[in-house]
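The values are calculated or read from the model by the stated rules, or taken from the named source; none is laboratory data. All figures in this text were calculated on a predicted structure; none of them were measured in a lab. Glycine also receives a Cβ, built like all others from the backbone with ideal geometry; neighbour counts cover every protein chain displayed.
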Amino acid sequence: MKKTIALGSVILGIAAAPLVAGPDDDALVINDELEMVTEAAAPEHLEGIRTIYSGWRFRTDETQSLQLDDFDNPAMLTVDAALEAFNTVDGTEGKSCASCHTGGPEEFAGLTASMPKVIDGKLVVMEDLINNHRAEVMGAEPLKWSGQEMQGMVALIGLQSRGMPVNVKIDGEAAPFWEQGKEMYYTRYGQLEMSCANCHEDNYGNMIRADHLSQGQINGFPTYRLKQARLISKHNRFRGCIRDTRAETFAEGSDEFRALELYVQSRGNGLSVETPAVRQ
Ligand code: HEC
Ligand code: HEC
């Protein structure tokens, strides 16, 4: 593997720590029955990495354990609240999600594994589907991108795909968006001049300050972060990572982050959807 020594690596003191280098070899089986694929051959389009790993494999035993059982997973409270919202009338049309989706959120099994995708020429992420429905068919106010109501709903829908392999389309109409996201992934941002790849491709397994660097996969998003005590959106995580390079960042819900989401998701094609995951 090529190891780039970027200016930022020196400033941030990225270091190989022999005791924790690389992913561990623990198995993720949820509720004693649902076995997750946390390691897979990299999709063909990836040149810099041969094996892809879920971020779960880089966390401490303590954090890992919170994802083993839904009773211990702190994200489930927010997911329960979203299920209630799903069944609650909202907006001027007097409808709830369940008024039309009578099969419940289970109707959306498999959807998250294929998102983002292009619909009518636009790259659409789950937050878009939810807010478009609220506006167009319910006459309800849009939900704030990284708010707990929105991320709870994204997680509730994601949960219906848990255990299924991530499989986003990157060709055809998706290709230009994917190319845009890929370019962003390899662009060096900020005073530290570091790209996503500098940390998550060249240095995964190494320590950066107190953090064990993963490959920056998003198969577990929205993810419950213990540090922030709430569900974190993909775009919020992207913002945080770019800010850490001391750069101006893009807005949550921007077209740039939609494209980056498609590209990052495609790097995880083959891993199980783990939503909602738990991280420190
Ligand atoms: C007035 C009826 C109606 C209401 C209310 C409604 N939906 Fe829908 N929804 C539909 C129909 C019809 C489709 C399929 C056609 C489409 O994609 O627009 C759909 C599709 C979807 C899809 C995409 C499914 C797929 O496989 O592509 C999602 C996700 C979704 N709805 C979520 C929601 C959520 C969450 C709510 C509540 C916030 C909601 N819907 C409220 C009628 C409704
Ligand atoms: C300076 C190093 C650095 C850069 C550059 C960086 N990240 Fe991160 N990222 C981290 C650290 C540290 C974490 C927390 C530990 C971990 O999960 O890897 C993290 C976590 C993540 C996670 C959460 C993974 C999980 O399983 O919960 C995602 C997703 C992510 N980064 C994506 C990105 C993207 C996309 C970019 C480029 C826009 C980027 N990162 C740039 C350091 C970086």
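Of note:
- Residue in segment 242-251 that is in a loop (DSSP other than H, G, I, E, B) and closer than 20 Å to Ile49 by Cβ present: no
- With respect to the stated conditions, Gln151 fails to be touching a Phe, Trp or Tyr at 6+ places or on another chain (Cβ under 8 Å) and either buried (at least 16 other Cβ atoms within 10 Å of the Cβ) or modelled with pLDDT of 95 or more (or both).
- Taking the criterion of being charged (D, E, K, R) and within 14 Å of ligand 2 (Cβ to nearest atom), the residues of segment 162-220 that qualify are Lys182, Glu183, Arg188, Glu193, Glu201, Asp202, Arg209, Asp211.
- Qualifying residue in segment 188-208 (condition: among the charged types (D, E, K, R) and buried (at least 18 other Cβ atoms within 10 Å of the Cβ)): yes
- For segment 83-90, the count of residues that are among the aromatic types (Phe, Trp, Tyr), within 16 Å of ligand 1 (Cβ to nearest atom) and modelled with pLDDT of 95 or more is nonzero.
To keep it simple, each residue is scored yes or no on (1) within 16 Å of ligand 2 (Cβ to nearest atom); (2) in the same structural domain as Gly220 (by TED's automatic domain parsing); (3) in contact (Cβ under 8 Å) with a residue 60 or more places away in the chain; (4) of a type in the set (Lys, Arg).
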| site | (1), (2), (3), (4) |
| --- | --- |
| Leu83 | no, no, yes, no |
| Pro116 | yes, no, yes, no |
| Gly121 | no, no, no, no |
| Ala155 | yes, no, yes, no |
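Every residue, every condition in (1) in the same structural domain as Ala135 (by TED's automatic domain parsing); (2) closer than 23 Å to Gly268 by Cβ; (3) crowded, with 18+ Cβ neighbours inside 10 Å, yes or no:
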| residue | (1), (2), (3) |
| --- | --- |
| Ala41 | no, yes, no |
| His45 | no, yes, no |
| Gly48 | no, yes, no |
| Ile52 | no, yes, yes |
| Gly55 | no, yes, yes |
| Thr60 | no, yes, no |
| Val89 | yes, no, no |
| Lys95 | yes, no, no |
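- Tally, over segment 97-114, of residues that are among the β-branched types (Val, Ile, Thr) and surrounded by 13 or more Cβ atoms within 10 Å (Cβ to Cβ): 1
- Flag if Gln148 is in contact (Cβ under 8 Å) with a residue 60 or more places away in the chain, within 16 Å of ligand 1 (Cβ to nearest atom) and under 20 Å from Phe257 (Cβ atoms): yes
- Search result, residues across segment 114-131 that are within 11 Å of ligand 1 (Cβ to nearest atom) and either over 27 Å from Arg225 (Cα atoms) or of a type in the set (Gly, Ala, Ser) (or both): Ser114, Ile119, Asp120
- Failed criterion for Ala175 (all others in (1) in contact (Cβ under 8 Å) with a residue 40 or more places away in the chain; (2) of a type outside the set (Asp, Glu); (3) under 22 Å from Ala42 (Cβ atoms) hold): (1)
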